[in-house]
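The block underneath contains the structure these notes are about, expressed in structure tokens.
Coordinate-derived values only; no laboratory data. Note that the structure is predicted; figures quoted are calculated from it, not measured. Heads up, the Cβs are rebuilt from the backbone with ideal geometry, glycines too, and the neighbour counts pull from every protein chain shown.
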Amino acid sequence: MTDPAPEPFPVRVIGGPTALFDYGGLRFLTDPTFDAPGDYHVPGGRLTKTAHSAAAPADLGPIDVVLLSHDEHPDNLDAAGRALLADVPLTLTTPGGARRLGGGARGLGEWESIEAERSGGGTVTVTGVPAVHGPGPREQVEAILGEVTGFVLTGEGLPTVYVSGDNASLDAVRQVAERYRPVDTAILFAGAPRFDILFGGEQIVLSSAEAVTAAEILHARRVVPVHYEGWAHFTEGRDALLAAFTTAGLTDHLDLGRRG
């Protein structure tokens, strides 16, 4: 007889890629973004934020670990998010991102793990996992948009959590599934963002339909989508996600998180 699945923990969705959750007695925050709506310049163009975040850094309380998929784009780490990092003991990100950020940032290579101490004893293991921020070969994508990482969280008596980061590759999801399936909670970056000047207008993060496929690959008991609204470059929002999961008969696996 298999052990019952752990009870799902609340995920507080702040906006964009930013979500807060307690896990193993530690408080984790993904890709911190809190700046106001407006235009944010990037090499060769701009990103337009269209909605306020649901909370400010001061509303969140102490954070133990930031899971930062990458530091190079303002829709994943903005000025307020960078300021927040100074008060966080540990920021896990790409090796290059850790060098750029300094301070408490630690880079995780692919399949590299770190142990974070739990207040009641034991540890949470955080492992860096593959992510590709666009279509095509990883090396070509990274030459244009930079390196990105996902994360898997595990611990004795704890559910398995996958945080995809800005990943567009179902092959990367399959690699994660080979090691960690079934996943209890998959925090999937979605929204099918596109730019006409990049990759022929192909999406650079999962679409809604691909989020469904990722859930199936992972045997995910719960999917919490993030990073699908609040920016002009997203082409699929809440309605597209609900439609995709409904069509697949997986609405009972979809958790849109607690807002604010």
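Normalised by the number of residues in the chain, the average gap of Cα pairs under 8 Å and 6 or more apart makes the relative contact order 18 percent. Applying the Karplus relation 6.51 cos²θ - 1.76 cosθ + 1.60 with θ = phi - 60° to segment 181-190 yields 3J(HN,Hα) values of 4, x, 9, 6, 10, 10, 8, 9, 6, 9 Hz, where x marks Gly and Pro. Only Lys, Arg, Asp and Glu carry charge here, each on its Cβ (+1 for the first two, -1 for the last two); on that basis segment 86-130 has a dipole of about 140 debye about its Cα centre. The magnitude of the dipole of segment 11-259, with charges of +1 and -1 set on the Cβ of Lys/Arg and Asp/Glu and taken from the Cα centre, is near 300 debye. Among beta bridges identified by DSSP and lying wholly in segment 1-153, the antiparallel ones come to about 70 percent. Only the Cβ atoms of Lys and Arg (+1) and of Asp and Glu (-1) were treated as charged; on that basis the dipole of segment 1-97 about its Cα centre amounts to roughly 160 debye. For the chain, the orientation-averaged shadow of the C-alpha convex hull comes to 13.2 nm² (one quarter of the hull surface). Find which of Val223, Trp111, Ala58 sits farthest along the positive direction of the dipole of the chain, computed with +1 on the beta-carbon of Lys and Arg, -1 on that of Asp and Glu, about the Cα centre. Of the candidates, Ala58 comes out farthest on the positive side.
Centre-to-centre, using Cα atoms only, segment 77-147 and segment 2-75 are separated by 13 Å. The tail of the calculated P(r) for segment 75-130, taken as Cα-Cα distances beyond 19 Å, holds 35 percent of the pairs.
Sequence-ordered 3J(HN,Hα) estimates for segment 90-101 from the Karplus curve with 6.51, -1.76 and 1.60 and θ = phi - 60° stand at 9, 10, 9, 7, 6, x, x, x, 5, 5, 6, 7 Hz, glycine and proline given as x.
Applying the Karplus relation 6.51 cos²θ - 1.76 cosθ + 1.60 with θ = phi - 60° to segment 66-76 yields 3J(HN,Hα) values of 9, 9, 10, 5, 6, 9, 8, 10, x, 8, 10 Hz, where x marks Gly and Pro. Compactness of segment 104-179, taken as the C-alpha radius of gyration over 2.2 N^0.38 Å, stands at 1.21. Remark on segment 192-260: ratio of C-alpha radius of gyration to 2.2 N^0.38 Å is 1.14. For segment 1-144, the alpha carbon convex hull comes to 156 Å³ per residue, rounded to a whole number.
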